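The values are calculated or read from the model by the stated rules, or taken from the named source; none is laboratory data. Just so it is clear, the structure is predicted and the values come from calculations on it, not from any experiment. Positions of Cβ are generated from backbone atoms using ideal geometry, with glycine treated the same way; all protein chains shown enter the neighbour counts. Areas reflect the complete protein model, heavy atoms only, side chains present, ligands, DNA and RNA absent. Shrake-Rupley method; radii C 1.70, N 1.55, O 1.52, S 1.80 Å.
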Amino acid sequence: MGFSMQPYGMQSMLKEGHKHLSGLDEAVLKNIDACKQLSAITRTSLGPNGMNKMVINHLDKLFVTNDAATIVNELEVQHPAAKILVLAGKAQQEEIGDGANLTISFAGEMLQNADELIRMGLHPSEIISGYNKAINKAIEILSELVEPGSENMDVRNKEQVICRMKAAVASKQFGQEDILCNLIADACIQVCPKNPVNFNVDNVRVAKLAGGGLINSSIVRGMVLKGDTVGTIKRVEKAKVVVFAGGVDTSATETKGTVLIHSAEQLENYAKTEEAKVEELIKAVAETGAKVIVSGAAVGEMALHFCERYKLMVLKISSKFELRRFCRTTGAVAILKLSPPNPDDLGCVDSISVEEIGGARVTIVRNEEGGNSVCTVVLRGSTDSILDDLERAVDDGVNTYKAMCRDSRIVPGGAATEIELAKRLREFSFKETGLDQYAIAKFAESFEMIPKTLAENAGLNAMEIISSLYAEHASGNTKVGIDLEEGVFKDVSTTNIWDLYVTKFFALKYAADAACTVLRVDQIIMAKPAGGPRRDAAPGGMDED
């Protein structure tokens, strides 16, 4: 008989195959280490001179980008503590649409400083309490740094919009922000509703067409559909549109029936009735004054023949999201079954034309007078990955516009705000008694990461810049930040680099929450992973939207 050891302690309680890590060394410092690794990845992509990352995801798709939200999304982070930072970054991306990098890098920096405090002998709960005091104070100081008079802005004034959007777009596409901001601001202002708070990000679309350069990019009031029209008619002006959500085709009967045909005449008549039915429908559409039929599925041969005869243009939009947007652009109502349309269901367009842009045929649906429905930014670039990156920059710009519609307050950019926060929090930590003051001082030190990273990514001497920034701020120049183009520090109100207050506010809030959550963990207990296929394998065949 073999002598088998009976499990004891934690082993006896949990199923075999589990992992259990506890204590400062195993759990807390390991967690902090994982988060530091994640923030080290995103940190080098921070700011206008941030480096690009080349990420290849599990489906072999290549991403070349410096957009932190895309990077951490595609990395499939496995470590539970680092996942918390990823979630903080995602929350920031959904709330504001920009500043995910700041959130993740700042949380990583706070945890690195907490690591030093723990090694000095502080308990995590003391660090958390210090961090909480510091974040409340930081938010208080942040609202004092808001530029006076920036809280009321006209969201339709292009200059004011560009001044607030420039920093967000420059951090993605440095050197091209002027061209891009112009396009994005125009597009956003055109689709801005009467009450700007209801601005819908989805109304600014992006069409990516390879070829040309960024200078060839343009904006279209309406939609740009990839692909050609079905029939031979390629251009209509000032036309009414009818939208059929199903296909335009002769449908087979639902019940099976047997038809006995005795003579050739009957056979001819049988075929003709089908033709007559289709002709009747197309004729009815033509009589309502519509010149364009848009179908959500296939268009039958016979239906197409009659459309040509009645000089109707036929468009096929297979994505139902695109079809919805098309209805929004034209004001049409999608008809489900094939029946003659009511005059109320028709939409109207200024023009629909097929144009060739860089070898690709696209259908451009313009609707100038139709108010603020949908606007499309047509981006041109040499490769797909450049186009994807440009799209992310546009996306950031549009999200920033949405954020400024809700709250248009601005704070100095170019790391001026961060240095001021670091300076004031350090002064605040001297007034505190107890062990919290160490945590607050470290929290203040975390802010130095931003100017340091901006300077390092631009290839400047970080220490020199930080010390001269501190000196300037100590003498009361609170708006002095780094001018990355010349590599010197300047008053940012002269270089016009502003950041939105809400972006900073949420980024700091989420970063502090994530850091405190990671520090609160003292044990990690992982069950044995279940066998079987992976849960999160996405179903194939999904379209882009």
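Details
- Taking the listed residues Ala462, Ala511, Ala474, Ala439, the one that is within 27 Å of Ala167 (Cα to Cα) and buried (at least 21 other Cβ atoms within 10 Å of the Cβ) is Ala511, with no other qualifying.
- Near pairs, Cβ below 8 angstrom, 6+ apart or cross-chain, from region 220-245 (closer than 24 Å to Thr288 by Cα) to any residue that is acidic (Asp, Glu) and part of a strand (DSSP E or B): Gly222/Asp350; Glu237/Asp350; Lys238/Asp350
- Residue within region 415-435 that is closer than 30 Å to Phe63 by Cα and open to solvent by 30 Å² or more (accessible area, probe 1.4 Å) present: no
- Candidates Gly175, Gly212 - the one that is closer than 24 Å to Gly414 by Cβ and modelled with pLDDT under 85: Gly175
- Filter pass, Glu368 being of a type outside the set (Lys, Arg), without any contact (Cβ under 8 Å) to a residue 24 or more places away in the chain and outside any helix (DSSP H, G or I): no
- Filtered residues of region 491-508 (kept if in contact (Cβ under 8 Å) with a residue 40 or more places away in the chain and either open to solvent by 50 Å² or more (accessible area, probe 1.4 Å) or acidic (Asp, Glu) (or both)): Asn496, Asp499
- Qualifying residue in region 83-91 (condition: under 14 Å from the mean Cα position of the chain (by Cα) and either under 22 Å from Pro451 (Cα atoms) or open to solvent by less than 10 Å² (accessible area, probe 1.4 Å) (or both)): yes
- Filter result for Val354 (assigned to a strand (DSSP E or B), crowded, with 19+ Cβ neighbours inside 10 Å, touching a residue at least 12 places away in the same chain (Cβ under 8 Å) and of a type outside the set (Ser, Thr, Tyr)): no
- Search result, residues across region 401-435 that are at pLDDT 90 or above and aromatic (Phe, Trp, Tyr): Phe428, Phe430
- Here region 250-272 is the region considered, the condition is being surrounded by 10 or more Cβ atoms within 10 Å (Cβ to Cβ) and of a type in the set (Ser, Thr, Tyr), and the residue that is modelled with the highest pLDDT is Tyr270.
- A Cβ distance below 8 Å, combined with a sequence gap of six or more or placement on separate chains, defines the contacts here; from region 291-305, residues that are farther than 9 Å from Asp249 by Cβ and buried (at least 19 other Cβ atoms within 10 Å of the Cβ) reach residues that are among the small types (Gly, Ala, Ser) and modelled with pLDDT under 80 in the pairs Gly296/Gly246; Gly296/Gly247; Leu304/Gly231.
- Of the residues making up region 61-112, those that are assigned to a loop (DSSP other than H, G, I, E, B) and either of a type outside the set (D, E, K, R) or modelled with pLDDT of 90 or more (or both) number 7.
- Residues of region 168-207 satisfying the condition of being open to solvent by 60 Å² or more (accessible area, probe 1.4 Å), under 27 Å from Thr42 (Cβ atoms) and of a type outside the set (Gly, Ala, Ser): Phe174, Gln176, Asp178, Ile179
- Of all residues in region 390-407 being open to solvent by less than 10 Å² (accessible area, probe 1.4 Å) and of a type outside the set (A, V, I, L, M), the one that is farthest from Lys194 (Cα to Cα): Asp396
- From the list Met542, Met526, the lone residue that is of a type outside the set (Ser, Thr, Tyr), modelled with pLDDT under 85 and in contact with a helix residue (DSSP H, G or I) (Cβ under 9 Å, 6 or more places away or on another chain) is Met526.
- Filter result for Ile179 (more than 17 Å from Leu379 (Cα to Cα) and either touching a residue at least 12 places away in the same chain (Cβ under 8 Å) or touching a Pro at 6+ places or on another chain (Cβ under 6 Å) (or both)): no
- Which numbered condition Ala40 misses (of (1) touching a residue at least 40 places away in the same chain (Cβ under 8 Å); (2) farther than 30 Å from His123 by Cα): (2)
- Condition met for Asn31 (surrounded by 17 or more Cβ atoms within 10 Å (Cβ to Cβ), under 21 Å from Val518 (Cβ atoms) and either without any contact (Cβ under 8 Å) to a residue 12 or more places away in the chain or in contact with a strand residue (DSSP E or B) (Cβ under 8 Å, 6 or more places away or on another chain) (or both)): yes
- Qualifying residue in region 139-157 (condition: assigned to a loop (DSSP other than H, G, I, E, B), touching a Gly at 6+ places or on another chain (Cβ under 6 Å) and open to solvent by 20 Å² or more (accessible area, probe 1.4 Å)): no
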